[in-house]
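Asker: Pasting a structure below so you can have a look.
The values are calculated or read from the model by the stated rules, or taken from the named source; none is laboratory data. If you're wondering where the values come from, they're calculated on a predicted model, not measured in any experiment. Note that we place each Cβ from the backbone using ideal geometry, even for glycine, and neighbour counts take in every protein chain shown.
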């Protein structure tokens, strides 16, 4: 099964808690943004002075992309997959968040299908 690139995306200016959704068969996947309190751009030399000042003034922050999955209306896992350390509202937009979320949804979908099969086998026993 493949995640469609068609559908809602994260806005140019996004907020903690924003979501995008995709449906694949009976699976419904939701990617949501959560605050990453471990993100610190001063840990290395990746960011220039302008970007560091913007971060210090709250113009951008780090988030995690958390994937929740349900099957036929039943929640399998609200935190099936997550990856942290993504830049939110970084100069240049948030298009990378949607691309990353779709990639993580693919991974979560594989995990969810395995979980669904395992649950079906256990319930049938």
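Asker: Identify all residues within the stretch 20-47 that are part of a loop (DSSP other than H, G, I, E, B) and either modelled with pLDDT of 90 or more or surrounded by 10 or more Cβ atoms within 10 Å (Cβ to Cβ) (or both); write none if there are none. Before you say what the answer is, go through the steps one by one.
Answerer: Taking the stretch 20-47 first, the residues part of a loop (DSSP other than H, G, I, E, B) are 25-26, 36-40, 44-47.
Listed by number, the residues that qualify are 25, 26, 36, 37, 38, 39, 40, 46, 47.
Here's the yes/no breakdown for (1) outside any helix (DSSP H, G or I); (2) surrounded by 13 or more Cβ atoms within 10 Å (Cβ to Cβ); (3) out of contact with any helix residue (DSSP H, G or I) (no Cβ under 6 Å at 6 or more places or on another chain):
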residue: 62; (1), (2), (3): yes, yes, yes
residue: 100; (1), (2), (3): no, yes, yes
residue: 105; (1), (2), (3): no, yes, yes
residue: 120; (1), (2), (3): no, no, yes
residue: 123; (1), (2), (3): no, no, yes
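Asker: Test each condition in (1) more than 12 Å from the chain's Cα centre (by Cα); (2) surrounded by 18 or more Cβ atoms within 10 Å (Cβ to Cβ); (3) modelled with pLDDT under 95 for residue 80 and report the one that comes out false.
Answerer: Against the list (1) more than 12 Å from the chain's Cα centre (by Cα); (2) surrounded by 18 or more Cβ atoms within 10 Å (Cβ to Cβ); (3) modelled with pLDDT under 95, residue 80 comes up short only on (1).
Asker: Let me spell it out: the conditions are (1) without any contact (Cβ under 8 Å) to a residue 24 or more places away in the chain; (2) over 29 Å from residue 116 (Cα atoms); (3) touching a strand residue (DSSP E or B) at 6+ places or on another chain (Cβ under 7 Å), and residue 39 meets all of them except one. Which number is the exception?
Answerer: (1)
Asker: Any residue that is within 15 Å of the chain's Cα centre (by Cα) and more than 30 Å from residue 120 (Cα to Cα) - is there at least one of those in the stretch 66-75?
Answerer: No, because not a single residue in the stretch 66-75 is within 15 Å of the chain's Cα centre (by Cα) and more than 30 Å from residue 120 (Cα to Cα).
Asker: With the requirement that a residue be in contact (Cβ under 8 Å) with a residue 60 or more places away in the chain and on the phi > 0 side of the Ramachandran plot, what does the stretch 59-99 give you?
Answerer: The initial filter retains those residues of the stretch 59-99 that are in contact (Cβ under 8 Å) with a residue 60 or more places away in the chain, namely 88-89, 93-95, 97-98.
Result: 89, 93.
Asker: Can I ask one more? Could you tell me whether any residue of the stretch 5-19 is in a strand (DSSP E or B) and either modelled with pLDDT of 95 or more or within 30 Å of residue 118 (Cα to Cα) (or both)? Steps first, please.
Answerer: Start the filter on the stretch 5-19 by keeping residues that are in a strand (DSSP E or B), which leaves 19.
Within this subset, residues satisfying the condition of being either modelled with pLDDT of 95 or more or within 30 Å of residue 118 (Cα to Cα) (or both) are 19.
Looking through the stretch 5-19, at least one residue is in a strand (DSSP E or B) and either modelled with pLDDT of 95 or more or within 30 Å of residue 118 (Cα to Cα) (or both).
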